[in-house]
1. Under 20 Å from the mean Cα position of the chain (by Cα), at pLDDT below 95, under 30 Å from LEU72 (Cα atoms) and buried (at least 21 other Cβ atoms within 10 Å of the Cβ): which single residue out of GLY126, GLY204 fits that description?
2. Give region 133-144 a look and list any residue that's surrounded by fewer than 19 Cβ atoms within 10 Å (Cβ to Cβ) and in contact (Cβ under 8 Å) with a residue 40 or more places away in the chain, or say none.
3. Could you tell me which numbered condition GLY71 fails, if it satisfies all but one of (1) touching a Leu at 6+ places or on another chain (Cβ under 6 Å); (2) in a helix (DSSP H, G or I); (3) surrounded by fewer than 19 Cβ atoms within 10 Å (Cβ to Cβ); (4) not basic (Lys, Arg)?
4. For HIS104, all conditions in the list (1) within 30 Å of VAL44 (Cα to Cα); (2) of a type outside the set (A, V, I, L, M, F, W, C); (3) buried (at least 19 other Cβ atoms within 10 Å of the Cβ) hold save one; what is the number of the exception?
5. If you go through region 168-176 one residue at a time, do you hit one that is of a type in the set (Val, Ile, Thr) and either touching a strand residue (DSSP E or B) at 6+ places or on another chain (Cβ under 7 Å) or modelled with pLDDT of 80 or more (or both)?
6. Could you check how many residues of region 145-170 are crowded, with 21+ Cβ neighbours inside 10 Å, of a type in the set (A, V, I, L, M, F, W, C) and within 22 Å of ASP11 (Cα to Cα)?
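The values are calculated or read from the model by the stated rules, or taken from the named source; none is laboratory data. Note that the structure is a prediction, hence the values are computed from the model and not measured. All Cβ positions, even for glycine, are placed from backbone atoms using ideal geometry, and neighbour counts span all protein chains on display.
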Amino acid sequence: MSGRPQIAAFDFDGTLTTGGSVWQFLVTMVGPVRVALAAGRLVVKLARAAVFGGSAADEAKEALFRRTLAGLSLEEIAPRADAFGLAHYRSRARTDVRARLEWHRSQGHRLVLVSASPELYVRAAGRDLGVEDVVATRLEVGPDGLLTGRYDGRNCRGTQKLARLEQWMRSSILAPDTGDGANASHAGPNGDRPFLWAYGNSTGDVPMLAAADVGVDAGRLGRMGRLHRFTRLADLEGPDPPDASGGSGASFSAPGHRPLSGGAHRSRDRG
């Protein structure tokens, strides 16, 4: 690879952890009664989200946030969200995926979490893991310092997850050197695009995995799972991981490189 930088991007829910986190987060923040009432009023939207995924899931999730989080002070909720994120990760961490993350760290690869869950608490897990950055769903905060319950931008899922990861790579890997050498150690010769490893467990991760040089199915259903066409996590265990000198390259625009495109990016994604 001749000095080509390498990045390992990990999904959070179901990949680094067992199961999801959003419902538990909401219950911890506002209590089970408020969450149950909100879910009852949104039962049709939530059912559509479960069946169709995609934009229906994005809309239902934002509607749930509006009914539960709107009006909460960011200053007051932030420490509680941090505590939740840390406790949730530590209680539900997957040791097999953590071992892969530590392997990447031992190789000098840059580590990033990419999640559809709120950055408000995923960032605490990222600090505990010692990753370089967290790319996740941002929640809007009004000028009064209160959460509105809406997304700040879009839900970081599916094609948006890939777009946000690409944006992060552009700004942190191929950003022009500011003169202090801050970026020099991360860009390869002539600003080569990085070699991307990506780990996920659901169809919401398909665009990111399909665009990676090595996309890894970290789900637990093996060859019967929805990501069966990708490299399985179990196949990476042991002393001889795949040769990172090959691969077709990430869907990442850089001088002299063309983004990938393919059917995977058009698949219906959830989560």
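1. On the way: GLY126 fails: at pLDDT below 95.
Just a single option satisfies the conditions, and that option is GLY204.
2. Residues of region 133-144 surrounded by fewer than 19 Cβ atoms within 10 Å (Cβ to Cβ): 133, 138, 140-144.
The answer is VAL141, and nothing else.
3. Every listed condition holds for GLY71 apart from (2).
4. With (1) within 30 Å of VAL44 (Cα to Cα); (2) of a type outside the set (A, V, I, L, M, F, W, C); (3) buried (at least 19 other Cβ atoms within 10 Å of the Cβ) applied to HIS104, the lone miss is (1).
5. Within region 168-176 (the criterion being of a type in the set (Val, Ile, Thr) and either touching a strand residue (DSSP E or B) at 6+ places or on another chain (Cβ under 7 Å) or modelled with pLDDT of 80 or more (or both)), the answer is no, since none of the residues qualifies.
6. Residues flagged as crowded, with 21+ Cβ neighbours inside 10 Å, of a type in the set (A, V, I, L, M, F, W, C) and within 22 Å of ASP11 (Cα to Cα) within region 145-170 amount to 4.
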